[in-house]
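The values are calculated or read from the model by the stated rules, or taken from the named source; none is laboratory data. Values in this document were obtained by computation on a predicted structure and should not be read as measured data. Glycine also receives a Cβ, built like all others from the backbone with ideal geometry; neighbour counts cover every protein chain displayed. These area figures cover heavy atoms from the full protein model, side chains too; ligands, DNA and RNA do not enter into them. Shrake-Rupley method; radii C 1.70, N 1.55, O 1.52, S 1.80 Å.
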Amino acid sequence: NFKHNVAIIGASGGIGQPLSLLLKLNPNIGELRLHDLKDIPGVAADLSHIETAVSVSHADGRDYGSTLKGADIIVVPAGMPRKPGMKREDLFNTNAQVVYDVAKGMAEHSPDAILIIITNPINAVVPIACEVLKDAGKLNPRKIFGCSTLDSVRTNTFVAGIIGADPKTVNIPVIGGHSGITIIPLISRSTPPACIEGEQLSKLITRVQDAGTEVVKAKAGKGSATLSMAYAASRLTFSMLRALDGEANIVESAYVLSDVVPEVKYFATPLVLGKCGIEKNLGLGKLSDAEQKMVCEALEPLKKEIAKGEKFVQDQ
Ligand code: APR
């Protein structure tokens, strides 16, 4: 197999460090390029002692050139996390600029790379990256992903608990966005089928939608989900690596530029991954009446967040 280069922007953070560790263990990665504004030489030295063939390089500062040039996949967990009482949307003012700068760097140094954005609010910052790349004439909509994978990971785990299954055998697509009611877990499409109805179903859906806040509260001011987020981002990155190496039928849900719902330009749906990024968008598929209603209710908040991201780029 061809060994791929993966860049992580924000690699010394709460997500960045465990994510770097998980990626260091993947033999399909040739080089890990770690970037952060702080602490990065220490993280890189520490990681480089692990007995795998993945080489580790590092850089800091506002110039992303040496990190991004030649990167096949760029994963971005850079930016501020939530504190108790904050919604993901409250992070926009700080994190919009981070994604804007990284997208500018990508347009200049690695326009053909695959970009996986973890930075919140995902619903609004993925449009920033796409607009920046579009303005530079470098947008490939098949290659830009908002990492909403943790919503599927959480849904699989919670449903496995309810039906008494091994979480690894449960697979449930989550569509929409990555914040509050825009998160739409499709329990009707669970494999294996999960017969969860009525109050139990509405409680489950609310728990999935508020799962990030559950972690923020439990961490009591020390940030948001890092370990589970790192796991989820590594799952999406590993799936992408397998697809780049030619494995067929790899499906992951992610928040992407899409025309599956005419009212909004970005929407998470299950995607078949391939050598060029998204090979096929599987669309909404069959929804229950309740799931269809959730899609309708997600449109207004999604539209607003997407418009906010687009406006940020216009105002620069
Ligand atoms: N370029 C590179 N690194 C940056 C930049 C930037 N412009 N801005 C911030 N960083 C780095 C910080 O130095 C820090 O090491 O990003 C890292 C973020 O780490 P944490 O503050 O620990 O935040 P974390 O919990 O990892 O969350 C990061 O992911 O899920 C989202 O909402 C979460 O937006 C947040 C992001």
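Does any residue of the range 231-249 turn out to be within 28 Å of Leu91 (Cβ to Cβ), open to solvent by 50 Å² or more (accessible area, probe 1.4 Å) and touching a Cys at 6+ places or on another chain (Cβ under 9 Å)? No: the range 231-249 contains no residue that is within 28 Å of Leu91 (Cβ to Cβ), open to solvent by 50 Å² or more (accessible area, probe 1.4 Å) and touching a Cys at 6+ places or on another chain (Cβ under 9 Å). Is it the case that some residue within the range 263-270 is out of contact with any strand residue (DSSP E or B) (no Cβ under 6 Å at 6 or more places or on another chain), part of a loop (DSSP other than H, G, I, E, B), among the aliphatic types (A, V, I, L, M) and farther than 15 Å from Ile144 by Cα? Scanning the range 263-270, I find at least one residue that is out of contact with any strand residue (DSSP E or B) (no Cβ under 6 Å at 6 or more places or on another chain), part of a loop (DSSP other than H, G, I, E, B), among the aliphatic types (A, V, I, L, M) and farther than 15 Å from Ile144 by Cα, so the answer is yes. Within the range 15-33, can you find the residues that are over 17 Å from Leu68 (Cα atoms) and among the aliphatic types (A, V, I, L, M)? If the condition is that a residue be over 17 Å from Leu68 (Cα atoms) and among the aliphatic types (A, V, I, L, M), then Ile15, Leu19, Leu21, Leu22, Leu25 are the ones that fit. Taken together, the criteria place Ala160 among residues that are crowded, with 16+ Cβ neighbours inside 10 Å, at negative phi, free of Cβ contacts under 8 Å to residues at least 40 places away in the same chain and among the small types (Gly, Ala, Ser). If you take the residues in the range 1-19 that are under 18 Å from Ala243 (Cα atoms) and either within 15 Å of the ligand (Cβ to nearest atom) or surrounded by fewer than 24 Cβ atoms within 10 Å (Cβ to Cβ) (or both), which one is nearest to the chain's Cα centre (by Cα)? My answer is Ala7. Each residue in the range 285-307 was checked for being open to solvent by 10 Å² or more (accessible area, probe 1.4 Å), touching a Leu at 6+ places or on another chain (Cβ under 9 Å) and among the aliphatic types (A, V, I, L, M), and 3 pass. Of all residues being open to solvent by 10 Å² or more (accessible area, probe 1.4 Å) and of a type in the set (A, V, I, L, M, F, W, C) in the range 56-70, which is nearest to the ligand (Cβ to nearest atom)? Just the residue, please. Filtering the range 56-70 for residues that are open to solvent by 10 Å² or more (accessible area, probe 1.4 Å) and of a type in the set (A, V, I, L, M, F, W, C), the one nearest to the ligand (Cβ to nearest atom) comes out as Ala59.
When Val256, Val216 are checked against the criterion of being among the β-branched types (Val, Ile, Thr), within 30 Å of His4 (Cβ to Cβ) and buried (at least 18 other Cβ atoms within 10 Å of the Cβ), Val256 stands alone in meeting it. Does Ala53 satisfy the condition of being more than 15 Å from the ligand (Cβ to nearest atom), among the aliphatic types (A, V, I, L, M), open to solvent by 10 Å² or more (accessible area, probe 1.4 Å) and not in a helix (DSSP H, G or I)? Answer is yes for this residue. Being among the hydrophobic types (A, V, I, L, M, F, W, C), within 8 Å of the ligand (Cβ to nearest atom) and open to solvent by less than 10 Å² (accessible area, probe 1.4 Å), is that true of even one residue in the range 74-85? No, the range 74-85 has no match at all.
Scanning the range 221-262 for residues that are more than 15 Å from the ligand (Cβ to nearest atom), assigned to a strand (DSSP E or B) and either touching a residue at least 40 places away in the same chain (Cβ under 8 Å) or touching a Pro at 6+ places or on another chain (Cβ under 6 Å) (or both) returns Val251, Glu252, Ser253, Val256, Leu257. Quickly run through the range 86-126 and pick out the residues that are within 18 Å of Thr67 (Cα to Cα), assigned to a helix (DSSP H, G or I) and within 8 Å of the ligand (Cβ to nearest atom). Hits for the range 86-126 are Val98, Asp101, Val102. Filtering the range 56-85 to residues that are within 18 Å of the chain's Cα centre (by Cα) and not in a loop (DSSP other than H, G, I, E, B) leaves Ile73, Ile74, Val75, Val76. For the range 164-198, residues that are assigned to a loop (DSSP other than H, G, I, E, B) and hydroxyl-bearing (Ser, Thr, Tyr) total 2. When the range 271-283 is filtered for residues that are touching a strand residue (DSSP E or B) at 6+ places or on another chain (Cβ under 7 Å) and either touching a residue at least 12 places away in the same chain (Cβ under 8 Å) or of a type in the set (A, V, I, L, M, F, W, C) (or both), the ones remaining, listed by number, are Leu271, Val272, Leu273, Gly277, Ile278, Glu279, Asn281, Leu282, Gly283. Of all residues in the range 41-61, those that are closer than 19 Å to Gly10 by Cβ have Cβ atoms under 6 Å from Cβ atoms of residues that are in a strand (DSSP E or B) and within 16 Å of the ligand (Cβ to nearest atom), 6 or more apart or on another chain, in Ala44/Leu34; Ala44/His58; Val54/Leu32; Val56/Leu32; Ser57/Arg33; His58/Leu34; Ala59/His35. Evaluation of Leu37 against the conditions (1) in contact (Cβ under 8 Å) with a residue 12 or more places away in the chain; (2) more than 15 Å from the ligand (Cβ to nearest atom); (3) exposed (fewer than 15 other Cβ atoms within 10 Å of the Cβ); (4) not small (Gly, Ala, Ser) shows that the sole unmet condition is (2).
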